[in-house]
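See structure below.
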Amino acid sequence: MAKVINEVSQWFWSPEIWLPPNVTWDSFRETIVVKNNVLEPTDFANFSDLWYPVPLAILVIIVRSWVEKKIFKPIGIWLGLKDHRRLYPTPNQQLELAYTSFNKLSKNQKEELASSTQMTYIQVERWLRQRHQAELPNTLQKFCETGWRWIFYTGILIYGFICLWNKPWFWNIRHCWYDYPYHQVDRDVWIYYMVEMAFYWSLSISQFFDVKRKDFWEMFIHHNTTIALMMFSWTAHFTRIGTLVLIVHDCSDHLLELAKLCRYVKYRKLCDAIFALFSIIWIVTRCGIYPSWILYSTLHDAAGFIQMFPAYYIFNTLLGTLQVLHLVWTYFLIKAVHKALVKGGIDDNRSDSEPSEDSDHENDKKSQ
């Protein structure tokens, strides 16, 4: 068994897959000179560095908890959001088992439950509805979660620009391919990568403890795909192009979170204005800059500077898949914009539909 694992490991980590021709992993364990710059082994991206984001993610979760409780919860209450929990229905083991066992109960199943629990059909429906609503986050909870993401996305965007502003590849993308793969990873770039990965690790972990949303698995796949892309680019020494992918994607996220914050406190006009700005920046960065600047360079410029190898094709396939996702998400974004124009507002489609703050208490009273 150990021999099989060793052979699989050797095949997986073969430099013929991960690195250009005539380059081996030992090439990064020696002191080399690139354009009169003496580069030590510690100057390069090392796979072992990818362990740092995992414990760092725990720290991110702790910071998030503090920010939500100590900053955004008081702000939300000050802005008029109510701090209350929805009531769970009267405990009923049979109904609880049915609720947790089936994603959606049919009419026949509800009638059978009514008969076996000696309740009316309407009482069963009301119990299931209240049970469902009890697990939905209230507006204050969503305000706090969104506030944390807004702070992170805003902070990492600012740091990203500070980090890349004096980097030659930020102004001339061909520097992503000059002297590849012998690219020094500066300390600020190292921090940029590690913090981004730690954040997405924290989202993947906290999903299992947060109130579950209807897009739980979609977001779980999204977070882990992002982590995989970053780990892949780090391992294959595509760190320069990786930082550009990060900065392009960070440009619009903070605006979406800010629009949600405004929506939760019912600043509708400001919400719509920010959402419109978000839509423009999203389309410009992800459907304009990303394909014309980054994808063009990885598909066209790179061919003139590096020899092709399997990891290069895999990386481009992943980047191309990301662009396909951009187009799909843009389609839904345009639908949301159209809906906002027609109905006069945007919705947070990530959450299950829930009643308003005022109707929460009304439903609780009726259930009692």
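Quick check on the range 64-77: of everything there that is without any contact (Cβ under 8 Å) to a residue 60 or more places away in the chain and of a type outside the set (A, V, I, L, M, F, W, C), which residue is surrounded by the fewest Cβ atoms within 10 Å (Cβ to Cβ)?
Taking the range 64-77 and keeping what is without any contact (Cβ under 8 Å) to a residue 60 or more places away in the chain, we get 65-66, 70, 74.
Then drop every residue that is not of a type outside the set (A, V, I, L, M, F, W, C), which leaves 65, 70, 74.
Values: Ser65: 13, Lys70: 9, Pro74: 12.
Only one residue fits best here, namely Lys70.
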Extreme residue, surrounded by the fewest Cβ atoms within 10 Å (Cβ to Cβ), among residues of the range 292-325 that are under 17 Å from Ile281 (Cα atoms) and at pLDDT 90 or above: Ser292
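Let's see how each residue does on (1) within 21 Å of Phe199 (Cα to Cα); (2) under 21 Å from the mean Cα position of the chain (by Cα); (3) exposed (fewer than 12 other Cβ atoms within 10 Å of the Cβ); (4) without any contact (Cβ under 8 Å) to a residue 12 or more places away in the chain:
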| residue | (1), (2), (3), (4) |
| --- | --- |
| Val54 | yes, yes, no, no |
| Ile62 | yes, yes, yes, yes |
| Trp150 | yes, yes, no, no |
| Leu164 | yes, no, no, no |
Subset of the range 193-210 (residues that are part of a helix (DSSP H, G or I) and either over 16 Å from Val54 (Cα atoms) or not assigned by TED's automatic domain parsing to the domain that holds Phe305 (or both)): none
Of the criteria (1) of a type outside the set (Gly, Ala, Ser); (2) assigned by TED's automatic domain parsing to the domain that holds Cys262; (3) farther than 30 Å from Tyr200 by Cβ, which one Pro74 fails: (3)
Selection from the range 219-264 of residues that are of a type outside the set (D, E, K, R) and touching a His at 6+ places or on another chain (Cβ under 7 Å): His237, Thr239
Residues of the range 156-192 that turn out to be in a helix (DSSP H, G or I) and either within 11 Å of Arg240 (Cβ to Cβ) or among the small types (Gly, Ala, Ser) (or both), as a count: 10
Neighbours by Cβ (under 9 Å, 6+ apart or cross-chain): first from the range 99-123, within 18 Å of Pro89 (Cβ to Cβ); second assigned to a loop (DSSP other than H, G, I, E, B): Tyr99/Leu105; Gln109/Phe102; Leu113/Leu105; Leu113/Met119; Ala114/Thr120; Thr117/Asn92; Met119/Asn92
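Just to be sure before I move on: is Tyr159 farther than 25 Å from Gly76 by Cα, aromatic (Phe, Trp, Tyr) and not assigned by TED's automatic domain parsing to the domain that holds Ser202 in the structure I sent? So that I can check it myself, show each step before the final result.
On the way: farther than 25 Å from Gly76 by Cα: yes; aromatic (Phe, Trp, Tyr): yes; not assigned by TED's automatic domain parsing to the domain that holds Ser202: no.
So Tyr159 does not fit the description; no.
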Filter result (exposed (fewer than 13 other Cβ atoms within 10 Å of the Cβ) and among the small types (Gly, Ala, Ser)) within the range 26-50: Ser48
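The values are calculated or read from the model by the stated rules, or taken from the named source; none is laboratory data. Predicted model only: the values in this text are computed from it and were never measured. Ideal geometry is used to build each Cβ from the backbone, glycine not excepted, and the neighbour counts take in all protein chains shown.
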